[in-house]
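Asks: Sharing a structure, written as structure tokens. Questions coming.
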Amino acid sequence: MEIEVEKKAVIYTRVSSQEQVENFSLGSQKEACERLAKAQGFIVSKYFTDEGISAKKADNRPGLQEMLAYSSSSKNKVSAVIVYNFARLNRNTRDFLDVKLFLAKYGVMLFSTSEPSGTDSPVERAVQTILSAVNQLDNETKAETVKANMKKRFMDGYPLTRPRIGYKSVEINSRKEHVPDPEWFDVIKTMWLKIRDEKITLGQAKKELNSLGRRKFSTQYTSKIFASKFYCGYNISPKYGEVLGKHEPMIDLDT
């Protein structure tokens, strides 16, 4: 009489920050993977996940690294890794194939709930490679679009960075803008005027700011504040250069 050996599988799920916004939930991925596991006769022995993490670099995803280590250990007797789709593993063709080959080295099959998988036939391998290349193309196209949008935003005078002290970020007409912060705007402006008109030193400005007791101003931080043309109405970027900003200038050094 043959003794039926349990076939063990693990499930890996992942969502990036943007996918969370788009409601591509971990729960829906998990449910689909569990249905596939049941249909294939697998017992799910462990779940792994990466939440709010992109697929750019495999070594930056602790859940994926833990899954690979667990699946490759002989004591765990894992037969399969189940994902919602191959893009969950990686959107880079080479990295995806590296993961697949790594699992195959330890006799672990890769299953997708929505793409050809599970047989490792020549046709299936070709299709998976093509799908992985499409995922990479989609990812790179999105990245180029994001870069173009960021450049346009900057050239239009809107900030790409966090607000400098004296300003705060607010949403106006679905667009993030930097506006005066009532807590700090007048304080920093007063220091600018003292530096310009009374010729006080940065050391004196730092001492006065620290005397307020609201926060600690280091020499380096103070220098950065009073060397920034942002306060004169400009946005500065090492990549895109210098443009007139949409924010309200704090100081005019020409007057």
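The values are calculated or read from the model by the stated rules, or taken from the named source; none is laboratory data. Source: prediction; values computed, not measured. A quick note on method: Cβ atoms are made from the backbone with ideal geometry, for glycine too, and the neighbour counts reach across all protein chains shown. The accessibility values were calculated without ligands, DNA or RNA, using every heavy atom of the protein model including side chains. Shrake-Rupley method; radii C 1.70, N 1.55, O 1.52, S 1.80 Å.
Asks: Report the calculated FRET efficiency for Tyr221 and Lys194 (r = Cβ-Cβ distance, R0 = 22 Å), to the nearest 0.05.
Replies: FRET efficiency, Tyr221 to Lys194: 0.80.
Asks: Roughly what % of DSSP beta bridges within the chain run antiparallel, to the nearest 5?
Replies: Bridges in the chain are about 35 percent antiparallel.
Asks: So for the stretch 112-186, averaging the separation of alpha carbon pairs under 8 Å that are six or more residues apart and normalising by length, what relative contact order in percent results?
Replies: Across the stretch 112-186, relative contact order equals 17 percent.
Asks: Still on this structure: Name the residue farthest towards the positive end of the dipole of the stretch 51-170 from the options Tyr158, Val108, Ala126, assuming +1 on Cβ of Lys and Arg, -1 on Cβ of Asp and Glu, about the Cα centre.
Replies: Tyr158
Asks: Multiply the residue separation of Lys152 and Leu244 by 0.36 nm, subtract the distance between their alpha-carbon atoms, and state the gained length in nm to one decimal.
Replies: So the extension gain works out to 31.8 nm.
Asks: To the nearest 20 debye, what charge dipole does the chain have about its Cα centre, counting +1 at the Cβ of each Lys and Arg and -1 at the Cβ of each Asp and Glu?
Replies: 760 debye
Asks: How high is the relative contact order of the chain, given as a whole-number percent (alpha carbon pairs under 8 Å, six or more residues apart)?
Replies: 13 percent
Asks: Using every alpha carbon pair in the stretch 100-196, what percent of pairs falls into each 10 Å bin from 0 up to the bin containing the largest distance?
Replies: Once binned at 10 Å, the Cα pair distances of the stretch 100-196 give 12, 23, 17, 13, 16, 11, 7, 1.
Asks: Roughly speaking, to the nearest percent, how much of the chain's 1.4 Å accessible area is carbon and sulfur?
Replies: Here it works out to 52 percent.
Asks: What number do you get for the stretch 123-255 when its Cα radius of gyration is normalised by 2.2 N^0.38 Å, N = residues?
Replies: Ratio of Rg to 2.2 N^0.38 Å for the stretch 123-255: 1.50.
Asks: Something else now. Please give the direction-averaged projected area of the C-alpha convex hull for the stretch 14-169, in square nanometres with one decimal.
Replies: 11.4 nm²
Asks: Follow-up question, since we're still on this one. Please give the charge dipole size of the stretch 194-255, origin at the Cα centre, charges +1 on K and R Cβ atoms and -1 on D and E Cβ atoms. Round to the nearest 20 debye.
Replies: That gives a dipole near 420 debye.
Asks: Taking H as built 1.01 Å from N, whose amide H comes closer than 5 Å to the amide H of Tyr167, not counting residues under 5 places away?
Replies: Residues meeting the amide H criterion: Asp181.
Asks: Label points 7 Å out from Cα along the Cβ direction at Thr129 and Ser28: separation in nm?
Replies: For the pair Thr129/Ser28, the computed spacing is 3.2 nm.
Asks: Per residue, how large is the accessible surface of the stretch 43-125? Use a 1.4 angstrom probe and give square angstrom.
Replies: 51 Å²
Asks: Same structure again: Residue separation times 0.36 nm, minus the C-alpha to C-alpha distance between Lys77 and Lys38: what's the value?
Replies: 12.3 nm
Asks: Once both axes come from the Cα atoms, what is the angle between helix 62-72 and the longest principal axis of the chain, in degrees from 0 to 90, rounded to 10?
Replies: Computed tilt is about 20 degrees.
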